[in-house]
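Engineer: Dropping a structure here in C-alpha coordinates format, bear with me for questions.
The values are calculated or read from the model by the stated rules, or taken from the named source; none is laboratory data. Computed from a predicted model, the values in this text were never measured in an experiment. Methodologically, a virtual Cβ is constructed for each residue, glycine included, from the backbone with ideal geometry; neighbour enumeration extends over all protein chains shown.
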Amino acid sequence: MALQLGFEGAVKLQGRDSIPEALDRTLAKYRGYVEDMANPITEDVVFWRIVFAILSVHTAFEANELAYQRLHNNGRLPVRWRTLTDWLARVKAGGSVVQFAGQKARFLLDFQTDWKRDAYPFMPNGDGSIGWRDRLMTIRGLARTKASFAVCLANPLESEVLCIDRHMARLLLGFAPKDIKRVDYERCENELLALAKGFDAPPFAVQWCLWDAQRGHVEPHTALREK
(Lines give C-alpha, C1' and ligand atoms only; values in the text may rest on other atoms or scores of the structure.)
Protein backbone atom coordinates (compact mmCIF):
# COMPACT_ATOMS: atom_id res chain seq x y z
CA MET A 1 0.00 0.00 0.00
CA ALA A 2 1.36 3.43 -0.95
CA LEU A 3 2.50 6.01 1.56
CA GLN A 4 0.52 9.08 2.46
CA LEU A 5 2.55 12.24 1.90
CA GLY A 6 2.27 15.06 4.43
CA PHE A 7 3.66 18.48 5.23
CA GLU A 8 7.36 19.30 5.68
CA GLY A 9 8.52 16.06 4.12
CA ALA A 10 6.45 13.84 6.41
CA VAL A 11 5.19 10.49 5.21
CA LYS A 12 2.57 8.24 6.80
CA LEU A 13 2.97 4.49 6.72
CA GLN A 14 0.01 2.52 5.45
CA GLY A 15 0.99 -0.78 7.00
CA ARG A 16 4.15 -2.86 7.00
CA ASP A 17 4.23 -3.14 3.22
CA SER A 18 5.07 0.56 2.92
CA ILE A 19 8.18 0.33 5.13
CA PRO A 20 10.65 -0.04 2.21
CA GLU A 21 9.13 2.96 0.41
CA ALA A 22 9.32 5.09 3.55
CA LEU A 23 12.99 4.22 3.97
CA ASP A 24 13.73 4.87 0.30
CA ARG A 25 12.09 8.28 0.46
CA THR A 26 13.23 9.65 3.80
CA LEU A 27 16.09 7.64 5.34
CA ALA A 28 18.76 10.03 4.03
CA LYS A 29 17.29 12.79 6.19
CA TYR A 30 17.55 10.61 9.29
CA ARG A 31 21.12 9.65 8.50
CA GLY A 32 21.81 13.37 8.67
CA TYR A 33 19.94 13.68 11.94
CA VAL A 34 21.96 10.97 13.69
CA GLU A 35 25.20 12.34 12.29
CA ASP A 36 24.27 15.77 13.67
CA MET A 37 23.43 14.23 17.04
CA ALA A 38 26.68 12.28 17.34
CA ASN A 39 29.19 13.65 19.84
CA PRO A 40 32.19 12.21 21.65
CA ILE A 41 30.68 9.99 24.35
CA THR A 42 31.73 12.10 27.31
CA GLU A 43 30.25 12.03 30.79
CA ASP A 44 28.45 15.30 30.11
CA VAL A 45 26.84 13.95 26.93
CA VAL A 46 25.73 10.71 28.58
CA PHE A 47 24.33 12.49 31.65
CA TRP A 48 22.12 14.79 29.61
CA ARG A 49 20.99 12.07 27.21
CA ILE A 50 19.80 10.05 30.20
CA VAL A 51 17.99 13.13 31.54
CA PHE A 52 16.23 13.46 28.17
CA ALA A 53 15.19 9.79 28.27
CA ILE A 54 13.78 10.08 31.80
CA LEU A 55 11.80 13.19 30.84
CA SER A 56 10.38 11.43 27.78
CA VAL A 57 8.44 8.76 29.70
CA HIS A 58 4.68 9.19 29.08
CA THR A 59 5.28 12.74 27.83
CA ALA A 60 4.60 14.22 24.40
CA PHE A 61 7.74 15.15 22.53
CA GLU A 62 7.10 18.92 22.51
CA ALA A 63 7.01 19.21 26.31
CA ASN A 64 9.85 16.72 26.67
CA GLU A 65 12.14 18.71 24.39
CA LEU A 66 11.27 22.08 25.94
CA ALA A 67 11.89 20.78 29.47
CA TYR A 68 15.22 19.33 28.36
CA GLN A 69 16.27 22.55 26.61
CA ARG A 70 15.57 24.65 29.68
CA LEU A 71 17.36 22.30 32.05
CA HIS A 72 20.32 21.88 29.72
CA ASN A 73 20.61 25.63 29.16
CA ASN A 74 20.65 26.06 32.93
CA GLY A 75 23.63 23.70 33.00
CA ARG A 76 22.44 21.68 35.98
CA LEU A 77 19.37 20.25 37.67
CA PRO A 78 17.80 22.07 40.60
CA VAL A 79 18.88 20.29 43.78
CA ARG A 80 15.57 20.49 45.64
CA TRP A 81 12.72 18.14 44.77
CA ARG A 82 9.99 20.78 45.21
CA THR A 83 11.85 23.29 43.04
CA LEU A 84 12.35 20.78 40.23
CA THR A 85 8.78 19.49 40.52
CA ASP A 86 7.31 22.99 40.27
CA TRP A 87 9.65 23.81 37.43
CA LEU A 88 8.66 20.71 35.41
CA ALA A 89 4.97 21.27 36.14
CA ARG A 90 5.14 24.71 34.52
CA VAL A 91 6.49 23.40 31.20
CA LYS A 92 3.84 23.56 28.49
CA ALA A 93 4.41 23.15 24.76
CA GLY A 94 2.09 22.36 21.89
CA GLY A 95 -0.74 21.71 24.32
CA SER A 96 1.30 19.09 26.18
CA VAL A 97 2.88 19.03 29.64
CA VAL A 98 5.52 16.98 31.42
CA GLN A 99 3.55 14.08 32.86
CA PHE A 100 4.10 12.96 36.47
CA ALA A 101 6.28 15.97 37.26
CA GLY A 102 6.82 15.04 40.92
CA GLN A 103 7.77 11.47 40.14
CA LYS A 104 10.13 12.52 37.37
CA ALA A 105 11.75 15.10 39.63
CA ARG A 106 12.46 12.33 42.14
CA PHE A 107 13.83 10.02 39.44
CA LEU A 108 16.06 12.78 38.07
CA LEU A 109 17.42 13.75 41.47
CA ASP A 110 18.02 10.12 42.46
CA PHE A 111 19.89 9.60 39.19
CA GLN A 112 21.92 12.76 39.73
CA THR A 113 22.87 11.59 43.24
CA ASP A 114 24.02 8.21 41.92
CA TRP A 115 25.85 9.88 39.04
CA LYS A 116 27.76 12.24 41.31
CA ARG A 117 28.71 9.33 43.54
CA ASP A 118 30.07 7.30 40.61
CA ALA A 119 29.32 7.90 36.92
CA TYR A 120 31.18 4.79 35.76
CA PRO A 121 28.21 2.36 35.96
CA PHE A 122 26.28 4.56 33.53
CA MET A 123 29.02 4.92 30.92
CA PRO A 124 29.93 2.53 28.09
CA ASN A 125 32.60 0.16 29.34
CA GLY A 126 33.16 -2.35 26.56
CA ASP A 127 30.13 -4.55 27.20
CA GLY A 128 28.35 -3.39 24.05
CA SER A 129 24.98 -1.76 23.54
CA ILE A 130 23.05 -4.53 25.30
CA GLY A 131 25.25 -4.50 28.38
CA TRP A 132 25.11 -0.72 28.52
CA ARG A 133 21.32 -0.76 28.25
CA ASP A 134 21.03 -3.38 30.97
CA ARG A 135 23.02 -1.16 33.31
CA LEU A 136 20.90 1.88 32.49
CA MET A 137 17.78 -0.14 33.29
CA THR A 138 18.82 0.08 36.96
CA ILE A 139 17.98 3.82 36.86
CA ARG A 140 14.56 4.52 38.36
CA GLY A 141 12.24 5.62 35.58
CA LEU A 142 14.08 3.81 32.79
CA ALA A 143 12.75 0.42 31.74
CA ARG A 144 13.95 -1.39 28.62
CA THR A 145 12.35 1.00 26.13
CA LYS A 146 13.72 4.24 27.54
CA ALA A 147 17.06 2.76 28.57
CA SER A 148 17.43 1.76 24.92
CA PHE A 149 16.46 5.30 23.92
CA ALA A 150 19.18 6.71 26.18
CA VAL A 151 21.80 4.47 24.53
CA CYS A 152 20.60 5.58 21.07
CA LEU A 153 20.82 9.23 22.03
CA ALA A 154 24.28 8.87 23.53
CA ASN A 155 25.67 6.72 20.70
CA PRO A 156 23.38 7.38 17.73
CA LEU A 157 25.67 6.06 15.01
CA GLU A 158 26.50 2.73 16.61
CA SER A 159 23.73 1.72 19.02
CA GLU A 160 22.44 -1.80 18.39
CA VAL A 161 19.60 -1.49 20.89
CA LEU A 162 16.53 0.47 19.87
CA CYS A 163 13.53 2.22 21.38
CA ILE A 164 10.50 0.00 20.79
CA ASP A 165 7.59 2.06 22.09
CA ARG A 166 3.88 1.59 21.40
CA HIS A 167 4.18 3.18 17.94
CA MET A 168 6.95 0.82 16.87
CA ALA A 169 5.23 -2.18 18.46
CA ARG A 170 2.02 -1.43 16.59
CA LEU A 171 3.95 -1.22 13.33
CA LEU A 172 6.15 -4.27 13.77
CA LEU A 173 3.95 -6.56 15.89
CA GLY A 174 0.53 -5.41 14.77
CA PHE A 175 -0.51 -4.53 18.32
CA ALA A 176 0.73 -2.28 21.12
CA PRO A 177 0.86 -4.08 24.47
CA LYS A 178 1.05 -2.04 27.65
CA ASP A 179 4.15 -3.99 28.65
CA ILE A 180 5.95 -5.55 25.71
CA LYS A 181 7.45 -8.97 26.40
CA ARG A 182 11.19 -9.28 26.07
CA VAL A 183 10.89 -11.84 23.25
CA ASP A 184 8.65 -9.48 21.27
CA TYR A 185 10.94 -6.54 22.01
CA GLU A 186 13.95 -8.42 20.68
CA ARG A 187 11.98 -9.56 17.64
CA CYS A 188 11.27 -5.91 16.79
CA GLU A 189 14.88 -4.91 17.40
CA ASN A 190 16.14 -7.71 15.19
CA GLU A 191 13.82 -6.70 12.36
CA LEU A 192 15.08 -3.12 12.53
CA LEU A 193 18.70 -4.27 12.70
CA ALA A 194 18.13 -6.35 9.56
CA LEU A 195 16.60 -3.35 7.78
CA ALA A 196 19.55 -1.20 8.86
CA LYS A 197 21.96 -3.74 7.44
CA GLY A 198 20.02 -3.91 4.18
CA PHE A 199 19.98 -0.13 3.82
CA ASP A 200 23.55 0.26 5.13
CA ALA A 201 22.39 2.76 7.74
CA PRO A 202 22.73 3.28 11.49
CA PRO A 203 19.97 1.26 13.20
CA PHE A 204 18.80 4.32 15.14
CA ALA A 205 18.33 6.22 11.86
CA VAL A 206 16.08 3.42 10.60
CA GLN A 207 14.07 3.26 13.82
CA TRP A 208 13.70 7.05 13.99
CA CYS A 209 12.64 7.21 10.33
CA LEU A 210 9.94 4.58 10.84
CA TRP A 211 8.83 6.07 14.17
CA ASP A 212 8.12 9.37 12.44
CA ALA A 213 6.51 7.62 9.46
CA GLN A 214 4.26 5.53 11.69
CA ARG A 215 3.01 8.73 13.35
CA GLY A 216 2.99 10.76 10.13
CA HIS A 217 5.00 13.56 11.70
CA VAL A 218 8.65 14.64 11.46
CA GLU A 219 10.35 15.09 14.84
CA PRO A 220 13.92 16.31 14.20
CA HIS A 221 15.05 16.32 17.88
CA THR A 222 16.56 19.75 17.31
CA ALA A 223 17.66 20.26 20.92
CA LEU A 224 19.77 17.11 20.81
CA ARG A 225 21.39 17.99 17.49
CA GLU A 226 22.66 21.38 18.59
CA LYS A 227 26.41 21.43 19.20
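Engineer: Output yes when any residue across region 96-109 is assigned to a helix (DSSP H, G or I) and in contact (Cβ under 8 Å) with a residue 60 or more places away in the chain, and no when none is.
Structural biologist: no
Engineer: Right, here's the next one. Sort through Ala93, Ala63, Ala53, Ala67 and tell me the only one that's buried (at least 16 other Cβ atoms within 10 Å of the Cβ) and touching an Asp or Glu at 6+ places or on another chain (Cβ under 7 Å).
Structural biologist: Residue meeting the stated conditions: Ala93.
Engineer: What residue, of Pro177, Pro220, is in a loop (DSSP other than H, G, I, E, B) and touching a Phe, Trp or Tyr at 6+ places or on another chain (Cβ under 8 Å)?
Structural biologist: Pro220
Engineer: Which of the residues that make up region 142-167 are small (Gly, Ala, Ser) and surrounded by fewer than 21 Cβ atoms within 10 Å (Cβ to Cβ)?
Structural biologist: The one that is small (Gly, Ala, Ser) and surrounded by fewer than 21 Cβ atoms within 10 Å (Cβ to Cβ): Ala143.
Engineer: Looking only at region 83-132, count how many residues are touching a Pro at 6+ places or on another chain (Cβ under 7 Å) and farther than 21 Å from Ala147 by Cβ.
Structural biologist: 2
Engineer: Right, something else. Can you find, within region 168-201, the residue that is surrounded by the fewest Cβ atoms within 10 Å (Cβ to Cβ) among those that are within 19 Å of His58 (Cα to Cα) and within 16 Å of the chain's Cα centre (by Cα)?
Structural biologist: It comes out as Ala169.
Engineer: Check Cys209 against each of (1) closer than 17 Å to Arg31 by Cα; (2) within 12 Å of the chain's Cα centre (by Cα) and name the one condition it does not meet.
Structural biologist: The single condition Cys209 does not satisfy is (2).
Engineer: Would you mind stating whether Trp132 is outside the structural domain of Thr59 (by TED's automatic domain parsing), at negative phi and part of a helix (DSSP H, G or I)?
Structural biologist: no
Engineer: Let me spell it out: the conditions are (1) in a helix (DSSP H, G or I); (2) touching a helix residue (DSSP H, G or I) at 6+ places or on another chain (Cβ under 7 Å); (3) of a type in the set (A, V, I, L, M, F, W, C); (4) modelled with pLDDT of 95 or more, and Val183 meets all of them except one. Which number is the exception?
Structural biologist: The single condition Val183 does not satisfy is (2).
Engineer: A further question follows. Among the residues of region 153-174, count how many are closer than 15 Å to Ile19 by Cβ, out of contact with any Phe, Trp or Tyr (no Cβ under 9 Å at 6 or more places or on another chain) and not in a loop (DSSP other than H, G, I, E, B).
Structural biologist: Total meeting the criteria: 3.
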